[in-house]
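Asker: Once you've had a glance at the structure underneath, I'll fire off some questions.
The values are calculated or read from the model by the stated rules, or taken from the named source; none is laboratory data. Note that the coordinates shown come from a computational prediction; the quantities given were computed from them, not determined experimentally. Cβ placement follows ideal geometry from the backbone for every residue including glycine, while neighbour counts extend to all protein chains displayed. SASA here: full protein model, heavy atoms, side chains in, ligands and nucleic acids out. Shrake-Rupley method; radii C 1.70, N 1.55, O 1.52, S 1.80 Å.
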Amino acid sequence: MTSSSRRKAFLRALAWASVIGSFPVWFSAFLVVPFLPLSVGGRAVLAAGLIGAGEVMFWGAGLVLGAEALARFRPPKVNTGQSFRGKRVAVVGATGGLGEAVVRALVREGAEVVLVARDGARLAQLAGAYGAAHHTAELAAPQLRDVAARVGPVDHVVCATGVDVRKGLDAHTDQEVELELAVDLAGPIHVARAFLPRLRPGGVIALFGGFGDGTLALPYYSVDVAARAGLAGFCSAVNRELAAEGRAELLCYVGPAPADTAAERPFADLWRRAGSTLAPPEKVADFVLAALLARKTRAVMGASTRLLLLLQALAPPLVDLVIARRIGPHLRHAFGASGRGNPPIEGS
């Protein structure tokens, strides 16, 4: 990290500390000062001084942060045809329903796209349609390292891989457990390890997780939830490593909404009964592109899903009740011990 970037990072941290610190300073004028053993005039002067200090801290820091602070709260525009112009992006799992939608969106936005997937025939067909470079690889560390070396420097990486096994825990086979952990947890970790050294400064690696942010535990998704929660924790830990080393690169855990893809379409009625509808893949792709541009570390799609996550943080028993009464019965009917369950459903 250069001295200039260190100075900017220090000023940014100081400004955010000032913004956060302004609130207790401001509120103390109303919550603390009235109870101090001072004269009425003394309390009035102190309260006015604290209010003024809080305002100066807040607005002064706002001037320092400027456009950067505003950008955190203003979603970037991605459907412009130019938002990724001049950027080079690798898409792992490019032949899946969501992976292909991400590829289309990136090409539309002017990116140079490099496609990576295990289905060589479908990959070559897709690459030919977009005139893109492509590499065949499994989600295995040696192959991914070799592919990353051949791909070279990239601005962003999207890992749109995944597999679901939807059934009760006791109905899982050993092979299904191993498959989910390999594809949903170990695979994205290998992708991050392979491509982080190739990521240009400020780049983002988006790793697809499951429903929510990795902590929203739905019944009959137990191993899937374990893998996704592990992936979310992995992203947080690596981002703290990168910050400690003064690097500007990031990992982003992406929680897409259930999408209208070949893998999810058979369950459209199930999601509808549970109070949700399948999102168009194009909408999910634009959400992913916006997360890359905004440099998010965690991006969860869907207002109702984010509300559930907020309720889970504030009142876990309430979320237990919502799942038990609204979502759980539908999942039990589809995947429970009545014998249905489902074989592995791959999303890439």
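Asker: For Arg85 and Arg295, compute 0.36 nm times the residue count separating them, minus their Cα-Cα distance, and round to one decimal in nm. Working shown, then result.
Answerer: Numbers: separation 210, 0.36 × 210 = 75.60 nm, distance 1.66 nm.
Gain on extension, Arg85 to Arg295, equals 73.9 nm.
Asker: On to the next question. For the range 140-219, what does the accessible surface come to per residue with a 1.4 Å probe? Please give it in Å². Could the numbers behind the result be given before it?
Answerer: Details: 2930 Å² over 80 residues.
Here the residues of the range 140-219 average 37 Å² of exposed surface.
Asker: Just to be sure I understand: with springs between alpha-carbon atoms less than 10 Å apart, which residue in Leu250, Leu65, Leu144 has the highest mean-square fluctuation in the Gaussian network model of the chain?
Answerer: Leu65
Asker: With springs only between Cα atoms under 10 Å apart, run a GNM on the chain and tell me which of Lys283, Lys77, Lys167 wobbles the most.
Answerer: Lys77
Asker: Mind jotting down a quarter of the surface of the convex hull over the alpha carbons of the range 246-334, in square nanometres, one decimal? Walk me through the intermediate numbers first.
Answerer: Values: hull surface 29.3 nm².
Taking the Cα atoms of the range 246-334, their convex hull projects to 7.3 nm² on average.
Asker: Just for the chain, what percent of DSSP beta bridges are antiparallel, to the closest 5? If you can, show how the numbers build up before the last one.
Answerer: On the way: 2 of 29 bridges.
Given both bridge residues lie in the chain, the antiparallel proportion sits at roughly 5 percent.
Asker: Largest first and to the nearest Å, give the Cα extent of the chain along each principal axis.
Answerer: 80, 51, 34
Asker: Which one, Ile51, Ile189, Ile205, has the greatest fluctuation when you compute a Gaussian network model over the chain with C-alpha springs under 10 angstrom?
Answerer: Among Ile51, Ile189, Ile205, the largest mean-square fluctuation in the Gaussian network model of the chain belongs to Ile51.
Asker: How big is D, in µm² s⁻¹, for the range 1-152 by Stokes-Einstein at 37 °C and 0.692 mPa s if Rh is the Kirkwood radius over C-alpha pairs? Mind dumping the intermediate values first?
Answerer: Numbers: Rh = 20.2 Å.
Estimated via Stokes-Einstein, D reaches 162 µm²/s.
Asker: Between Ala315 and Phe27, what is the label-point separation in nm under the 7 Å Cα-to-beta-carbon projection?
Answerer: 2.0 nm
Asker: Please report the carbon-and-sulfur percent of the accessible area for the range 90-228; probe 1.4 Å, protein heavy atoms only, DNA, RNA and ligands left out. Please report the intermediate quantities before stating the final value.
Answerer: On the way: 2730 of 4950 Å².
Reported share for carbon and sulfur atoms: 55 percent.
Asker: With respect to the cross-link table entries Lys8/Lys296; Lys8/Lys283; Lys167/Lys283, which display a Cα-Cα separation exceeding 26 Å? All intermediate terms of the calculation are to be shown ahead of the outcome.
Answerer: Values: Lys8/Lys296 19 Å; Lys8/Lys283 35 Å; Lys167/Lys283 28 Å.
Too far apart for the 26 Å limit: Lys8/Lys283; Lys167/Lys283.
Asker: Any chance you could run the full-extension gain for Ala324 through Leu169? It's 0.36 nm times the residue separation minus the Cα-Cα distance, nm to one decimal.
Answerer: Numbers: separation 155, 0.36 × 155 = 55.80 nm, distance 1.73 nm.
Full extension of this stretch gives 54.1 nm more.
Asker: What residues from the range 19-45 fall in the zone where the backbone N is under 12 Å from a label point 7 Å along the Cα-to-C-beta line of Val64?
Answerer: Counting only backbone N, you get 19-22.
Asker: Expressed in nm², what is the orientationally averaged projection area of the convex hull enclosing the Cα positions of the range 294-340? Intermediate values should be presented prior to the final figure.
Answerer: Working: hull surface 19.0 nm².
One quarter of the hull surface, i.e. the mean projection, equals 4.8 nm².
Asker: Something else about it: In whole percent, how big is the carbon plus sulfur part of the accessible area of the range 244-303, probe 1.4 Å, protein atoms only?
Answerer: Working: 1380 of 2590 Å².
The C+S portion of the solvent-accessible surface of the range 244-303 is 53 percent.
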